[in-house]
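The values are calculated or read from the model by the stated rules, or taken from the named source; none is laboratory data. What you are looking at is a predicted structure, and each value in this text was computed from that prediction instead of being measured. Every residue, glycine as well, gets a Cβ built from its backbone with ideal geometry; the counts of neighbours run over all protein chains shown.
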Amino acid sequence: MAVERDIDDLPKNAANYTALTPLSFLERAALVYPNRKSVVHGSLNYTWLQTYRRCRQLASALSCRSVGFGSTVAVIAPNVPASYEAHFGVPMAGAVINPVNIRLNAQTVAFLLEHSLSAVVMVDQEFFPLAEQALKIWQEKSKGSFKPPILVVIGDENCDPKWLKYALSRGAIEYEKFLQTGDPEFAWKPPEDEWHSISLGYTSGTTASPKGVVLHHRGAYVMSLSSALIWGMTEGPVYLWTLPMFHCNGWCFTWTLAALCGTSICLRQVTAKAVYLAIAQQGVTHFCAAPVVLNTIVNAPRNETILPLPRVVHVMTAGAAPPPSVLSAMSQNGFRVTHTYGLSETYGPSTVCVWKPEWDALPLEAQARLNARQGVRYIALENLDVVNTKTMMPVPADGTTVGEIVMRGNAVMKGYLKNPKANAETFANGWFHSGDLAVKHEDGYIEIKDRSKDIIISGGENISSVEIENTLYLHPAILEASVVARPDERWGESPCAFVTLKPGFDKQDEEGMAEDIITFCRTKMPAYWVPKSVIFGPLPKTATGKVQKHLLRAKAKELAPVMRSRL
């Protein structure tokens, strides 16, 4: 006789199971706080009820043009209200949003649009020439099979109107008129399956071949809530958009803000002055930024800052490993920095350096050093480890043995679009392989030492470019620093430092400054770590603030024959 297992066998039904989706947050925000400000941009102010209706209009307008399940909508825009609305309106139509990095060139944008088969291209008026050139490249490459996507141009009163007029003359539909073709009461439906794709984002461009990262509704839902819990965000935050919405969907905070019924302050261009003004005038409580932005904030001229801050401002940083010196300076200025780490493939940040109360009693330098670690897994990430890539065994928690960071759980992407080879490699042995090299400390916190491709191998010894960079940031003249390998006849590779100097130091003799920097390094690191060359100038970056080290490696290789060895 079969044993009854009612406790396990009770079935799912419409009353007790709904596919998870962050779209549900918007409907609730409009119900609970219909008159609270949702989005602010210059003279534009929307409430949550207005935003909900506008997103439904966008979904309806797309649906009327047969844009739905299986379709991709590209958005080429900075942090403007239409970008925020697209994160809800596009998936409400059943389609997938593809936020495009606005700093990419036309050739790369053309690749993204073709690779994703974008049915609609929504483009901010300032970037219309970029979109037009990209579409031309796509058309020429298609050899007659090109089906032009619907072209929607987003107007902005803060921009030169000539580009809007030009776009309209080229047959684009103005965004507000496009919305008017939709129904603000559109009866959108949540996805039947939470595994359905919600977003497509391409890797940051630090490599030559971007890969399309496909994310699902379930992951977006759990990461949106996980980010709020990790950061200790409460209802009604005032969030400043310094982080691009096109980068990992703004680390999922596009959806988090609806869950918490907060207010988005859109910032079209990020400057230290604009950040301080928003804090003073808009009541900003939170913002996210890459370490390069934090560096700009702490080194801003005194007349562009507003210090002391009117309130504690919470900052989340991720991307390149932040130098402890920058974290310390932010803390001294009144910012409370939460350090996280993640990738496009993990919905943005997925580990956090959880602050421990006992650290409060430590000197600021010690606090910054501990806070510079990448930490422990997010609540929504089920597994995180540092492993030997050959054996897949966890490395000992000794703070010195280097391995690869691997992850597993709901916070990991579905996979790369149309790239089975890359999927097989990145999901090998049932783990997502990050490609980042790290150590695991006794307290379980992980700390990145380098990207596997960025490690410098000199005379058979591994050198962490990150650790050299952290030391360089301690030099009083250095604003930004990046270290890569340069060819070395004797050692195979040796460190080469690319440096941007602070204002006031950039007029000094480069030869003398280089000698001073190298002498400084000799006092703080092993001799074979000391850069053999120092090159001055601005560092090439992606739109998310990551230094494009592949360009620096190419430059170091090109200049190697003429660079004088300094050791």
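Worth pointing out:
- From the list Ile463, Ile517, the one residue that fits, being farther than 27 Å from Gly348 by Cβ, assigned by TED's automatic domain parsing to the domain that holds Lys549, modelled with pLDDT of 85 or more and not charged (D, E, K, R), is Ile517.
- Check on Val275, outside any loop (DSSP other than H, G, I, E, B) and in contact (Cβ under 8 Å) with a residue 60 or more places away in the chain: no
- Residue among Glu358, Glu345 that alone is at pLDDT 90 or above and surrounded by 15 or more Cβ atoms within 10 Å (Cβ to Cβ): Glu345
- Residue in the stretch 176-188 that is charged (D, E, K, R), buried (at least 21 other Cβ atoms within 10 Å of the Cβ) and touching a helix residue (DSSP H, G or I) at 6+ places or on another chain (Cβ under 9 Å) present: no
- Only strands (runs of 3 or more DSSP E) whose full extent lies in the stretch 381-494 are considered here, and the ones with at least 2 residues that are farther than 28 Å from Cys252 by Cα and out of contact with any strand residue (DSSP E or B) (no Cβ under 6 Å at 6 or more places or on another chain) are 461-463.
- The stretch 278-314: number of residues that are in contact with a His (Cβ under 9 Å, 6 or more places away or on another chain) and without any contact (Cβ under 8 Å) to a residue 40 or more places away in the chain: 1
- Checked against (1) under 15 Å from the mean Cα position of the chain (by Cα); (2) exposed (fewer than 15 other Cβ atoms within 10 Å of the Cβ); (3) not small (Gly, Ala, Ser), Leu294 meets all criteria but (2).
- Candidate set: the stretch 285-313, residues that are part of a loop (DSSP other than H, G, I, E, B) and hydroxyl-bearing (Ser, Thr, Tyr); chosen: the one farthest from Trp231 (Cα to Cα): Thr305
- Residue in the stretch 418-426 that is of a type in the set (S, T, N, Q) and out of contact with any Gly (no Cβ under 9 Å at 6 or more places or on another chain) present: no
- Any hit, the stretch 500-510, residues being touching a strand residue (DSSP E or B) at 6+ places or on another chain (Cβ under 6 Å), in a helix (DSSP H, G or I) and over 28 Å from Leu343 (Cβ atoms): yes
- For the stretch 191-206, a residue qualifies if it is modelled with pLDDT of 95 or more and either within 20 Å of Met245 (Cβ to Cβ) or over 26 Å from the mean Cα position of the chain (by Cα) (or both), and the qualifying residues are Asp193, Ser197, Ile198, Ser199, Leu200, Gly201.
- Taken as a whole, the structure leaves Ala228 outside the set of residues that are at pLDDT below 95 and of a type in the set (A, V, I, L, M, F, W, C).
- Where strands (runs of 3 or more DSSP E) sit wholly within the stretch 56-142, those with at least 1 residues that are over 23 Å from the mean Cα position of the chain (by Cα) and either more than 19 Å from Glu27 (Cα to Cα) or modelled with pLDDT under 95 (or both) occupy 120-124.
- Scanning the stretch 514-531 for residues that are touching a residue at least 24 places away in the same chain (Cβ under 8 Å) and surrounded by fewer than 20 Cβ atoms within 10 Å (Cβ to Cβ) returns Ala514, Glu515, Asp516, Ile518, Phe520, Lys524, Met525, Ala527, Tyr528.
- Residues that are under 21 Å from Ala397 (Cβ atoms) and either of a type outside the set (Phe, Trp, Tyr) or over 27 Å from the mean Cα position of the chain (by Cα) (or both), drawn from the stretch 368-378: Arg369, Leu370, Asn371, Ala372, Arg373, Gln374, Gly375, Val376, Arg377
- Failed condition for Met330, given (1) modelled with pLDDT of 90 or more; (2) assigned to a helix (DSSP H, G or I); (3) under 22 Å from Pro99 (Cβ atoms): (3)
- Exactly one residue among Gly236, Gly232, Gly250, Gly283 is small (Gly, Ala, Ser) and under 15 Å from His87 (Cα atoms), and that residue is Gly250.
Results for (1) among the charged types (D, E, K, R); (2) farther than 24 Å from Glu176 by Cα; (3) in the same structural domain as Ser83 (by TED's automatic domain parsing); (4) at pLDDT 95 or above, shown as yes or no for each residue.
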residue	(1), (2), (3), (4)
Glu4	yes, yes, no, no
Ile7	no, yes, no, no
Leu10	no, yes, no, no
Ala14	no, yes, no, no
Tyr17	no, yes, no, no
Thr21	no, yes, no, yes
Leu26	no, no, no, yes
Ala30	no, no, no, yes
Gly42	no, no, no, no
